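The values are calculated or read from the model by the stated rules, or taken from the named source; none is laboratory data. Since this is a predicted model, take the numbers as computed values, not measurements. Here the Cβ positions follow ideal geometry from the backbone for every residue, glycine too, while neighbour counts run over all protein chains shown. Heavy atoms of the whole protein, side chains included, go into the accessibility calculation; ligands, DNA and RNA do not. Shrake-Rupley method; radii C 1.70, N 1.55, O 1.52, S 1.80 Å.
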Amino acid sequence: MDMKVELTNTTKKLCVIGDPVLHSKSPLIHNTMLSALGLDYVYLCQPVPHGSVEEWLRCARFAGYAGFNATMPHKEVLFPLMDETDEDARLYRAVNTVCIKDGRVYGYNTDGRGFLRALEDLDTTPEGKNVLLLGAGGAARAVALKLVQQGAKAVFVCNRTVEKAAALCAHDPQGRLAPAGFDSATLHRLAAWADLVVNCTSLGMEGTQGQFEDLSFLEALPDGVPVFDLIYAPAETELLRRARELGHPTANGLGMLVYQAVFALEHFTDTRIDAAAMAEVLRRVLT
């Protein structure tokens, strides 16, 4: 996209930090939104090495940043460094959005809200659902805990290392998260019971070697069960392609990426944003 960003002496600075981070689409997403809204901000990309977050916070305050987003590996590290946090940040013990006001730092997490809003585009909600969730990393934790918070009946967290799945499930005091394996027999058994499938692994992601070895578990799904993949590049993974061929509603992770950014920008700018309308603007830029 041919984007012109105008700076003045009053332009407020935002950025995304991570290690690595130069691949991030956040500057494109946020600068597009800022331009559409006519707000005097600029959004940059700032590599921050692992282990340097406290130093970065001091620099961000001194340099007059209004706030920043954080991606891996900084989300969990930021949490205890905040002066105040919102409910979701406390739920996940991780921060992806930081606002700096009068020298104080306020931490938020918009990942779960972004996921829920993207689910709405599939005409589904977590309430009362039995969920087959694939993966047990940071993204899986945010999704799993948000699903439980929003009334999911049960969430089976499937991972090759069951101990890692069990560690994730230990964060749920209500006991509605349950660890499970990633073998074919287990996935078949749980798929037959599922009302929703969410892939939080990197299997099928563009630029990686990992792929699902066996997608036949999708054949065990009841008719019409939605399949959501957090991956957005490629736009249709093999998991989504096969699910679509079997007649299931599907969605990739672009919606979650867009909506979590919309909610983050609301925090940064104290501006109410029409999420659906902004998502349409961003999809034209990103696809």
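Could you state the accessible area per residue of the chain in Å², with a 1.4 Å probe and every protein chain left in place?
Values: 13210 Å² over 287 residues.
Counting only protein heavy atoms, the per-residue value for the chain is 46 Å².
Who wins for biggest fluctuation among Arg90, Arg141, Arg272 in a Gaussian network model of the chain, springs between alpha carbons below 10 Å?
Taking springs between Cα atoms under 10 Å, the residue moving most is Arg272.
Note down the net charge around Val131, summing +1 for each Lys or Arg and -1 for each Asp or Glu among other residues with Cβ under 13 Å from its Cβ. If you can, show how the numbers build up before the last one.
On the way: positive: Lys129, Lys146, Lys153, Arg176; negative: Glu127, Asp172, Asp195.
That sum, taken over residues with Cβ under 13 Å, equals +1.
Leaving ligands and nucleic acids out of the surface, order Arg117, Arg244 by accessible area at 1.4 Å, largest first. Please report the intermediate quantities before stating the final value.
Values: Arg117 45, Arg244 120 Å².
Ranked from most to least accessible, the order is Arg244, Arg117.
For segment 107-114, just list the computed ³J(HN,Hα) in residue order, Karplus coefficients 6.51, -1.76 and 1.60, θ = phi - 60°, integers in Hz, with x standing in for Gly and Pro.
Per-residue couplings from phi come out as x, 10, 9, 9, 4, x, 4, x Hz.
As a test, work out the antiparallel percent of DSSP beta bridges whose residues both lie in the chain, rounded to the nearest 5. Kindly include the intermediate steps, with their values, before the conclusion.
Numbers: 8 of 40 bridges.
Counting DSSP beta bridges with both partners in the chain, the antiparallel share is about 20 percent.
Relative contact order for segment 175-229: what percent, with Cα pairs under 8 Å and sequence separation of 6 or more? All intermediate terms of the calculation are to be shown ahead of the outcome.
Details: 51 pairs, mean separation 24.2, N = 55.
Dividing the mean separation by the residue count of segment 175-229 yields 44 percent.
How much net charge surrounds Val155 when only the other residues with a Cβ under 12 Å from the Cβ of Val155 are counted, with Lys and Arg +1 and Asp and Glu -1?
Numbers: positive: Lys129, Arg141, Lys146, Lys153, Arg176; negative: Asp172, Asp195.
Here the charged neighbours net out to +3.
Would you tally the net charge around Thr97, using a Cβ to Cβ cut-off of less than 11 Å, leaving Thr97 out, and scoring K and R as +1, D and E as -1? Walk me through the numbers before you get to the answer.
Values: positive: Lys75, Arg113; negative: Asp86, Asp88, Asp111, Glu266.
Value of the local net charge: -2.
Any idea which of Met205, Ala165, Thr186 is furthest toward the positive side of the dipole for segment 121-215, if Lys and Arg beta-carbons carry +1 and Asp and Glu beta-carbons -1?
Positive-end residue among those listed: Ala165.
Choose one answer from Val143, Val162, Val131: the residue with the largest mean-square fluctuation in a GNM of the chain with alpha-carbon springs under 10 Å.
Residue with maximal mean-square fluctuation among Val143, Val162, Val131: Val162.
Please report the accessible area of Arg189 (heavy atoms, 1.4 Å probe, ligands and nucleic acids excluded) in Å², nearest 10.
150 Å²
Leaving ligands, DNA and RNA out of it, work out the accessible area of Phe268 with a 1.4 Å probe and give it in Å² to the nearest 10.
Roughly 10 Å² of Phe268 is accessible to a 1.4 Å probe.
Between segment 95-139 and segment 167-219, how many Å separate their Cα centres?
Cα centroid of segment 95-139 versus Cα centroid of segment 167-219: 19 Å apart.
Between the helical axis of 53-62 and the dominant principal axis of the chain, each derived from Cα atoms, what acute angle in degrees is found, rounded to the nearest 10?
Between the helix axis and the principal axis of the chain, the angle is about 30 degrees.
Can you give the accessible area of Ile273, probe radius 1.4 Å, in Å² rounded to 10?
Solvent-accessible area, nearest 10 Å²: 20 Å².
Springs between alpha-carbon atoms under 10 Å, Gaussian network over the chain: tell me which of Ala261, Ala251, Ala139 tops the mean-square fluctuations.
Ala139
So, with a 1.4 angstrom probe, what is the percent of accessible area on the chain that is carbon and sulfur?
Carbon and sulfur together cover 49 percent of it.
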